[in-house]
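This report concerns only the one structure given below.
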Amino acid sequence: MIHVLDISPEELRTRTEALGGKGFAAKQIRQWIWGKRVYDFQAMTNLSLELRRRLAGEMTILTGQIEAEARSRDGVIKLLLAWPDDQQIETVLIPSEERQTVCVSTQVGCAMGCAFCASGLGGLKRNLTAGEIVEQVLQLQRLSRRRVTNVVFMGVGEPLANYDATVRAVRMLIHPDEGGLSARKITVSTVGLPEAIRRLANENLPITLAISLHAPDDALRAELMPAAAKYPIAEILSAAEEFFQSRNREVTLEYTLLADVNDSPAQAEALAKLAQRLRCNVNLIRYNPVAPLPFARCDEARTEAFAQRLRRRGVNVNVRRSRGTDVDAACGQLRLRQTQEKENRISSPQRAQRTQR
């Protein structure tokens, strides 16, 4: 089956005409998908019945199946989607009064191996296509009466390691005849791949770049983020400065506070010095603990003290409010839990057989 979101408007037109549709039918299909949020060919009533039947036989708009859905007390919705090859990813809707934000994944699993993150525990399975990335937005849009306003590429995977699909997904989301979002409402988060950051700076996309720093020095960062250790912080910040100069968009430094690991006063001072090197904002994130990992959440008092040290140095700081903690909303947690439960279901009969023997 052809995934409509993975083909260009021109290819959709060609394929629609080959199925007997008029030239304008492809535009009508795109209007149904993006304007009316209809993802079933049979419901596209201004197309002929025969064309609808033929389209449904050869193409699909949504390919992911919802394996699990979790709704938090604070309104967060998290989906575990399974693709036709049985690979699974997570995507999250985070509502607030002023915006509706979707957090998308760009890969199945992750190769970065960050020590505190659930996403990479099973390694990298494959990249997502641009259509699969964008579909996450549509899947969550179906569950909300309010229109999605913001998209953050902060889910499972490293977006800039899946560069072409990430950029194509961004272009789809901001195209006036497709997602229609403002580029300024889209954030791409990376562990810091300098060459890819510089390439992104030349894409003429006024998006926000976020760098997952999580340590103020190269030695600690190598322990916490081994795959990113080949790139010194100085090189990453240099690439970030090029991005800022090309787009005049402030870069965001993301810093997950891990209790008694990277939250000391000295580390706050070191982070302030890094932040002062470029025009940026710092997002402090209180860690959501992952059961098999040996890291703890920084308490509120220590978090605030860390933030105040940065502010006294003139750094613009935001302490990100934790959302969806009651539904495993942090990256990789729902997928990890579902995988563990599946493994337990499979192994239980085997344990029973051994007991009987």
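Regarding the stretch 54-64, can at least one residue be identified that is more than 25 Å from Val104 (Cα to Cα), outside any strand (DSSP E or B), acidic (Asp, Glu) and out of contact with any Leu (no Cβ under 6 Å at 6 or more places or on another chain)? There is at least one residue in the stretch 54-64 that is more than 25 Å from Val104 (Cα to Cα), outside any strand (DSSP E or B), acidic (Asp, Glu) and out of contact with any Leu (no Cβ under 6 Å at 6 or more places or on another chain).
Evaluating Gln245 against the criteria (1) over 18 Å from Asp217 (Cα atoms); (2) part of a loop (DSSP other than H, G, I, E, B); (3) not charged (D, E, K, R) leaves one unmet condition, (2). If the condition is being in a strand (DSSP E or B) and either β-branched (Val, Ile, Thr) or without any contact (Cβ under 8 Å) to a residue 40 or more places away in the chain (or both), then the stretch 80-125 contributes Ala82, Ile89, Thr91, Val92, Ile94, Thr101, Val102, Val108, Leu124, Lys125. All told, Arg73 meets the bar of being part of a loop (DSSP other than H, G, I, E, B) and touching a residue at least 24 places away in the same chain (Cβ under 8 Å). Might you let me know whether the stretch 233-241 holds any residue that is part of a helix (DSSP H, G or I) and of a type in the set (Val, Ile, Thr)? The answer is yes, given that some residue of the stretch 233-241 is part of a helix (DSSP H, G or I) and of a type in the set (Val, Ile, Thr). For the stretch 220-236, name all the residues that are closer than 20 Å to Leu284 by Cβ and over 22 Å from the mean Cα position of the chain (by Cα). Leu220, Glu223, Ile233 - these are the residues of the stretch 220-236 that are closer than 20 Å to Leu284 by Cβ and over 22 Å from the mean Cα position of the chain (by Cα).
Condition check ((1) within 19 Å of the chain's Cα centre (by Cα); (2) under 24 Å from Gly179 (Cβ atoms)) across all residues:
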| site | (1), (2) |
| --- | --- |
| Thr45 | no, yes |
| Arg53 | no, no |
| Ala82 | yes, yes |
| Leu93 | yes, yes |
| Val108 | yes, yes |
| Cys114 | yes, no |
| Thr129 | yes, yes |
| Leu140 | yes, yes |
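Only one of the listed residues (Arg313, Arg302) is more than 23 Å from Glu241 (Cα to Cα) and modelled with pLDDT of 95 or more. That residue is Arg302. Cβ separations smaller than 6 Å between residues 6+ apart or across chains give the following pairs from the stretch 203-219 residues that are β-branched (Val, Ile, Thr) and in a loop (DSSP other than H, G, I, E, B) to residues that are surrounded by fewer than 22 Cβ atoms within 10 Å (Cβ to Cβ) and modelled with pLDDT of 95 or more: Ile207/Ala183; Ile207/Ile186. When the residues of the stretch 34-60 are filtered to those that are touching a residue at least 60 places away in the same chain (Cβ under 8 Å) and in contact with a helix residue (DSSP H, G or I) (Cβ under 7 Å, 6 or more places away or on another chain), the one that is farthest from Glu132 (Cα to Cα) is Arg37. Filtering the stretch 11-23 to residues that are surrounded by fewer than 15 Cβ atoms within 10 Å (Cβ to Cβ), modelled with pLDDT of 95 or more and of a type outside the set (S, T, N, Q) leaves Glu11, Glu17, Ala18, Gly20.
Remark: pairs (first residue in the stretch 158-171, assigned by TED's automatic domain parsing to the domain that holds Ala196; second residue in a helix (DSSP H, G or I) and of a type in the set (S, T, N, Q); Cβ separation under 9 Å; 6+ apart in sequence or on different chains) = Pro159/Thr166; Leu160/Thr166.
Counting only residues that are touching a Phe, Trp or Tyr at 6+ places or on another chain (Cβ under 7 Å) and either closer than 18 Å to Arg277 by Cβ or in a helix (DSSP H, G or I) (or both), how many does the stretch 188-198 have? Here the count works out to 4.
The set of residues from the stretch 165-187 being assigned to a helix (DSSP H, G or I) and either within 15 Å of the chain's Cα centre (by Cα) or crowded, with 18+ Cβ neighbours inside 10 Å (or both) comprises Ala165, Thr166, Val167, Arg168, Ala169, Val170, Met172, Leu173, Ile174, Lys185. For Ala291, the conditions (1) surrounded by 15 or more Cβ atoms within 10 Å (Cβ to Cβ); (2) assigned to a loop (DSSP other than H, G, I, E, B); (3) aliphatic (A, V, I, L, M) all hold with the exception of (1). Do we find that Ile94 is of a type outside the set (Lys, Arg), touching a Lys or Arg at 6+ places or on another chain (Cβ under 9 Å), under 22 Å from Asp40 (Cβ atoms) and in the same structural domain as Val167 (by TED's automatic domain parsing) in this structure? No: the conditions fail for Ile94. In the stretch 71-130, how many are crowded, with 21+ Cβ neighbours inside 10 Å, closer than 21 Å to Lys185 by Cα and small (Gly, Ala, Ser)? Qualifying residue count, the stretch 71-130: 2.
The values are calculated or read from the model by the stated rules, or taken from the named source; none is laboratory data. Being a predicted model, the structure only gives us computed values, none of them experimental. Cβ: placed from backbone, ideal geometry, glycine included. Neighbour counts: every protein chain shown.
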